[in-house]
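Inspection log for the structure reproduced underneath, given as structure tokens.
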Protein chains: 2
Amino acid sequence: MVWAEIYAQTDPLPSWNEGAAKKSILDYVQAVTQEGNSDYLPVEDRIATFDQDGTLLVEKPSSVEMYYMFERLRLLAPQHPEWKNLKIVQEILAGDYSEVDLRTYLEMLAVTHSGMSVKAFHEMAQDWLKTAIHPRYKRPFKDLVYQPMLEVIQLFRDHGFKVYIVSGGGQEFMRNYTQQFYQIPLERILGTVLKVAYEYRDGNPILWMLPEILYVNDGPGKVEGLNLFIDKKPAAAFGNSTGDRQMLEWTQSAPGKRFELLVHHDDAEREYAYGPEAKSGTFSVDLMEEAKKRGWVVVSMKNDWKIMFPWEKEKVQGH
Amino acid sequence: MVWAEIYAQTDPLPSWNEGAAKKSILDYVQAVTQEGNSDYLPVEDRIATFDQDGTLLVEKPSSVEMYYMFERLRLLAPQHPEWKNLKIVQEILAGDYSEVDLRTYLEMLAVTHSGMSVKAFHEMAQDWLKTAIHPRYKRPFKDLVYQPMLEVIQLFRDHGFKVYIVSGGGQEFMRNYTQQFYQIPLERILGTVLKVAYEYRDGNPILWMLPEILYVNDGPGKVEGLNLFIDKKPAAAFGNSTGDRQMLEWTQSAPGKRFELLVHHDDAEREYAYGPEAKSGTFSVDLMEEAKKRGWVVVSMKNDWKIMFPWEKEKVQGH
């Protein structure tokens, strides 16, 4: 049976509208996994890397991690009278966190993710996740994963790919939900890393989280972090922002057939619109130009996706 | 068929003499992998971590990485007239490298592993490995892996364990030979990490190795590095020096049946002797006391191992 016939029977991407983006994904997987093809990739080279926020999961108005940090900041504020003089903290506590830049993000990460053991941190974050609700969708964050991207992950996995998340978010925080959200094992979650210290408490060893960044896994850091973990260029890379640019360039620079894709947030009605049109978003005009020049696939959420979220699955055939 | 009968037919550890050490290894694997046992470990918790130098591979008079660094230092010396004033470099160039402490090691690592792309570094190291010979055994370093430990790795692997190397050595350097020496995939090799930088050369992205340590994967750093990669306590840990102490403590601190083992170098005739008796070795008197107190298995290379190296396999039955 040939590929087209198999897909005529069971569409692995039922939440995608027919079009160039969907076709490019199916064509790529077929090209590199059917034995005998000139573009065939051996299993050990089948590595697919996915950015998280905005690529797999809603990141507006703030990412799940940011909501966690805001709540932690509120809880910690009474113990930190010195924060009264910090404009950024006061803005965040007042609910105005539209202008969190990288430096502020890293400071917040250091403050809110430290001063406890790794174990205590996980318990605290998992407790929070059980009841945290997205302000617009009024649903837990696990429901805000993009169904079309879950199908892409499954398609790649079904064809022998190792799937990694390569995110600028805190690695230790992501470990609390990535298995549940995407069925990706913890050792394939790469993110920004805080220093930890091996210490003894009451004679027992613990890992203590320090308020210091070991490295930032964003932009060029995504490639540097990948090299730390896997020492191979990905075969396919998926992102949605300038922070993913280097990961996609790195992927494309490898010999053999590679695949690069950017998710374009252009659907304010069903989700959010902050692509190059917005001028202020993380998907810059420059990035769109680079995508065109290099032949990266750009997915229009508005046109390419039939549905956004898992809870809408009943609306489409094939589930 | 019961376990004892299976092993009566094919001994998975033919290079080990019968005794308490061998029995403890076989008993552990049986206890945690036979379904129905009270100590049964699910497959996802079967993680075994091995130190490298002195645990899997001869590290005297210097480790394979040190020999590489010495040669690099010799080659680089003419371009660094300022080294003429550095006593340690002059001693090393004169062949006297008995006193390389951690700080000196890290400085050497930074100098000899940087100033080139990751790709160029790998090519250079692999070229060197093709012809490098151990001064005592007059053999390539791949022959200096301990055959009894290769059998332990295989035994654990055959029982569903993921096997990691967790070494103080340079991670990027180890990647050049660990697959060949131990059949352990590159993404399971943890070591001391140098910073790399994502850069462009002639419009193409490269990773450039910087003369800066990101973190030291030794002692407490072995546990901190493990947390970065796998977020789980190992089920079993193997070492031979004070640099492995924390990894073994961490392993033992997990709930359920765990296994800790130290290789004791007490065989100057067939290999080297630098255990607690030597007073100056990396296996300190304190470490031996801790091992006794905590019930860690201590392997006598002299008494527990029938043979040391793969080339001696014909001397023992069962291969």
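Assorted remarks:
- Taking Lys and Arg as +1 and Asp and Glu as -1, the other residues whose beta-carbon sits under 13 Å from that of residue B:32 total -2.
- Heavy-atom surface of chain A, accessible at 1.4 Å and reported per residue (Å²): 43 Å²
- Calculated FRET value between residue A:142 and residue A:60, using beta carbons and R₀ = 25 Å, to 0.05: 0.90
- The same position residue B:311 in the other copies lies at 6.8 nm from this copy, comparing label points 7 Å beyond Cα toward the beta-carbon, shortest first.
- Amide H contacts of residue A:260 (H built 1.01 Å from N, under 5 Å, at least 5 apart or other chain): A:237, A:297
- Computed from label points 7 Å out along Cα-Cβ, the spacing between residue B:37 and residue B:75 is 4.8 nm.
- Taking the C-alpha atoms only, the angle from helix B:285-294 to the longest principal axis of chain B is near 30 degrees.
- Taking a ≥ b ≥ c as the square roots of the eigenvalues of the Cα gyration tensor, an a/c ratio of 1.5 or more together with a/b larger than b/c marks the protein assembly as shown as prolate.
- Helices in chain B, meaning DSSP H runs of at least 4 residues, each add -39500 (n - 2.57). Divided by all residues, the mean residue ellipticity at 222 nm is -10500 deg cm²/dmol.
- Across the copies of the chain, residue A:39 has label points (7 Å from Cα along Cα→Cβ) spaced 5.2 nm apart, shortest distance listed first.
- Derived scalar couplings between HN and Hα for region B:106-121 equal 5, 5, 5, 4, 4, 5, 8, 9, 10, x, 7, 6, 4, 5, 5, 4 Hz in order, rounded to whole Hz, by the Karplus curve 6.51 cos²θ - 1.76 cosθ + 1.60 (θ = phi - 60°), x for Gly and Pro.
- If you sort A:119, A:222, B:142, A:162 by accessible surface, 1.4 Å probe, largest first, the order is A:119, B:142, A:162, A:222.
- Interface burial for B against A (accessible surface, 1.4 Å probe, total of both chains, Å², rounded to 100): 2700 Å²
- Across A:33, A:49, A:131, the residue with the most accessible area heads the list, and the full order at a 1.4 Å probe is A:131, A:33, A:49.
- Here the protein assembly as shown has 51 percent of its accessible surface on carbon and sulfur atoms, given a 1.4 Å probe and all protein chains in place.
- Residue B:186-residue B:210 FRET efficiency (beta carbon distance; Förster radius 25 Å; 0.05 resolution): 0.75
- Total formal charge among the other residues, if their Cβ is under 13 angstrom from that of residue B:180, Lys/Arg +1 and Asp/Glu -1: +2
- Cα shape, region A:105-194, gyration tensor, a/c 1.5 rule: oblate
- Peptides A:250-259, B:86-95 ordered by average Cβ neighbours within 10 Å, highest first: A:250-259, B:86-95
- Between residue B:280 and residue A:44, the FRET efficiency from the beta-carbon distance, with R0 = 56 Å, is close to 0.85.
- Summing charges over all other residues whose Cβ lies under 13 Å from the Cβ of residue A:304, with Lys and Arg as +1 and Asp and Glu as -1, gives 0.
- Three-way shape call for region B:250-319 based on the alpha-carbon gyration tensor, with the a/c threshold at 1.5: oblate
- Spin-label pair residue B:130/residue B:315, simplified geometry with 7 Å Cα→Cβ offset, distance in nm: 3.2 nm
- Sorting B:305, B:128 by solvent-accessible area of protein heavy atoms yields B:128, B:305, largest first, with a 1.4 Å probe.
- DSSP-defined beta bridges in chain A - what % are antiparallel, rounded to 5: 40 percent
- Simple spin-label estimate for residue B:82 and residue A:117 in nanometres, 7 Å along Cα-Cβ: 4.5 nm
The values are calculated or read from the model by the stated rules, or taken from the named source; none is laboratory data. Just so it is clear, the structure is predicted and the values come from calculations on it, not from any experiment. For neighbour counting, all protein chains shown are included, and Cβ atoms are generated from backbone atoms with ideal geometry for every residue, glycine included. Only protein heavy atoms, including side chains, enter the accessible area calculation; ligands, DNA and RNA are left aside. Shrake-Rupley method; radii C 1.70, N 1.55, O 1.52, S 1.80 Å.
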